[in-house]
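Below is one structure, written out as structure tokens; comments come after it.
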Amino acid sequence: MKHTISVLVENKFGVLARISGLFSARGFNISSLAVGETDDPSVSRMTIVVEGDDRTLDQIKKQLNKLIDVIKVVDYKEGSFLDRELILIKVSVTAKTRKEVLEAVESSGAGIASAGSASISIEASGDQAKIKALIELLRPFGILEVVRTGRIAMDTGDKALKAEGKPEVNE
């Protein structure tokens, strides 16, 4: 089972290396990892997707909470969070297939990032199901390259995850 974990960390040199090292040292595979600053430049949010059972997840959370630069760890439960991923896909085109590719892109809600004579670069964001569907839609045309950001996530409730460790109500 895949689990999505949000980790607020101090935005310092070496924090990413320490956290990824914690996972590798214990034999946990990271399926996806996205990191970025929050509204507070001294704090970053890491969204980590890992595979494992509930026991494995509990062990991961305990190990993360032991790290000095970790402020807060939140395990997003299925259905209680919003997740998105950004993808760039370069697809081969010919004069004959260009119109079909453009129609496929439009029907999927994606956009054209760049167009050349032999390829079109497409950008899209969405949940993993939407991203997977787009890849499958474009596969018959000849995918030349795929670049994905990995999953980012946030709680869908009225509270915000803040560095102080206490959720605050957004008004």
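Number of residues in segment 130-164 that are over 15 Å from V105 (Cα atoms), more than 14 Å from the chain's Cα centre (by Cα) and not in a strand (DSSP E or B): the value is 7. All of S44, S20 fail the test of being in contact with a Leu (Cβ under 9 Å, 6 or more places away or on another chain), hydroxyl-bearing (S, T, Y) and in contact (Cβ under 8 Å) with a residue 24 or more places away in the chain, apart from S44. With respect to the conditions (1) closer than 19 Å to L161 by Cα; (2) in a loop (DSSP other than H, G, I, E, B), L8 lacks only one, and its number is (2). In the condition set (1) out of contact with any Leu (no Cβ under 6 Å at 6 or more places or on another chain); (2) at pLDDT 95 or above, A124 is compliant with all but (1). Checking I87, I48, I30 one by one, the residue that is over 23 Å from E145 (Cα atoms) and among the hydrophobic types (A, V, I, L, M, F, W, C) is I48 and no other.
Would you confirm whether any residue within segment 75-85 is in contact (Cβ under 8 Å) with a residue 40 or more places away in the chain, farther than 14 Å from F141 by Cα and assigned to a helix (DSSP H, G or I)?
No; the residues of segment 75-85 include none that is in contact (Cβ under 8 Å) with a residue 40 or more places away in the chain, farther than 14 Å from F141 by Cα and assigned to a helix (DSSP H, G or I).
For every residue, the table says whether it meets (1) of a type in the set (D, E, K, R); (2) exposed (fewer than 11 other Cβ atoms within 10 Å of the Cβ); (3) assigned to a strand (DSSP E or B).
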position	(1), (2), (3)
F13	no, yes, no
A34	no, no, yes
D39	yes, yes, no
T47	no, no, yes
D58	yes, no, no
K62	yes, yes, no
I68	no, yes, no
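The values are calculated or read from the model by the stated rules, or taken from the named source; none is laboratory data. Computed from a prediction, not measured in an experiment: that's the story for all the values here. Cβ coordinates were reconstructed from backbone atoms using ideal geometry, including for glycine residues, and neighbour counts include every protein chain displayed.
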